[in-house]
Amino acid sequence: MNDKPSQRTVASLGTPIYTHVSRRANIAAGVILGLASIGGAVALGWYRVSEMRFGAAVEFQDQALNWLFVIVLFAGGAALLVWMAMLLSFQLWVCREGFYYTWNRRTHVFAWEEITEVHETIAHEPVLPAKGLAKRITPTQTRRSYLIRRCDGKTFSVGVNTLPSVSVLAGPLKTAAERLDIPWHTEEHGRRTSF
């Protein structure tokens, strides 16, 4: 690993084979959920303030817990709105010689020969929450995420939350890793259900 940033340009990667733009429906759902969280926090806060103003007797412990809930609900909604704004700017292009992406109005180039290692995480998650015997027979879904490291230490993390069809990057990345002997580390979590 060296400290020099990548010298590759978007043009040096060739013509894009695949282009990904964030799905507007997912972003709209996130914005609605974020606004609902903030609205709920404001409504609950307003209710608490009016309760105190009209002299309702409320124990300090209940009041503190409610205000903590208001703060967490508001902060969670605000964080979700910020994440959706950043996700709106995410685009990915897979090319013959590597891939590049834009995030928060900045373009990052990853040429295949500049990638030093790939960490793949495979998570087997139950489709429905279950306990006991039901947990053993509940079907699971497999989700994959990748952490890709470039020669200068820059990393790119991608999973289904950022790129729903992550296989469009994983396939060419795996082919390049085999061809260029890039170290590939796989870690599995959870348990597969087999019938």
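Residue-wise test of (1) charged (D, E, K, R); (2) closer than 30 Å to His108 by Cα; (3) modelled with pLDDT of 90 or more; (4) loosely packed, with under 15 Cβ neighbours inside 10 Å.
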residue	(1), (2), (3), (4)
Met1	no, yes, no, yes
Ser12	no, yes, no, yes
Ser22	no, yes, no, no
Ala25	no, yes, no, yes
Leu81	no, yes, yes, no
Phe90	no, yes, no, no
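Number of residues in segment 41-51 that are of a type in the set (Val, Ile, Thr) and modelled with pLDDT of 90 or more: the value is 1.
Among all residues of segment 71-83, there is none that is aliphatic (A, V, I, L, M), more than 24 Å from Ile27 (Cβ to Cβ), touching a helix residue (DSSP H, G or I) at 6+ places or on another chain (Cβ under 7 Å) and in a helix (DSSP H, G or I). Would you confirm whether or not segment 169-188 contains a residue that is modelled with pLDDT under 95, over 18 Å from Cys95 (Cα atoms) and among the small types (Gly, Ala, Ser)? No, because not a single residue in segment 169-188 is modelled with pLDDT under 95, over 18 Å from Cys95 (Cα atoms) and among the small types (Gly, Ala, Ser). Within segment 117-141, the only residue that satisfies the criterion of being among the β-branched types (Val, Ile, Thr), exposed (fewer than 15 other Cβ atoms within 10 Å of the Cβ) and in a strand (DSSP E or B) is Ile122.
Of the residues making up segment 52-74, none is of a type outside the set (Phe, Trp, Tyr), modelled with pLDDT under 95, in contact with a Gly (Cβ under 7 Å, 6 or more places away or on another chain) and surrounded by fewer than 17 Cβ atoms within 10 Å (Cβ to Cβ). Applying the criterion of being charged (D, E, K, R) and either more than 19 Å from Val109 (Cα to Cα) or in contact with a Leu (Cβ under 7 Å, 6 or more places away or on another chain) (or both) to the residues of segment 139-168, the residue that is modelled with the highest pLDDT is Arg144. Would you check if there is a residue in segment 121-138 being touching a Leu at 6+ places or on another chain (Cβ under 6 Å) and free of Cβ contacts under 8 Å to residues at least 60 places away in the same chain? Within segment 121-138, one or more residues are touching a Leu at 6+ places or on another chain (Cβ under 6 Å) and free of Cβ contacts under 8 Å to residues at least 60 places away in the same chain.
Checking the structure you have, find out if any residue of segment 145-156 is of a type in the set (Val, Ile, Thr), assigned to a loop (DSSP other than H, G, I, E, B) and not assigned by TED's automatic domain parsing to the domain that holds Gly30. No, every residue in segment 145-156 fails to be of a type in the set (Val, Ile, Thr), assigned to a loop (DSSP other than H, G, I, E, B) and not assigned by TED's automatic domain parsing to the domain that holds Gly30.
The values are calculated or read from the model by the stated rules, or taken from the named source; none is laboratory data. The model shown is predicted, which means the values in this text are computed figures rather than measured ones. Cβ sites come from the backbone with ideal geometry, for glycine too, and all protein chains shown count toward neighbours.
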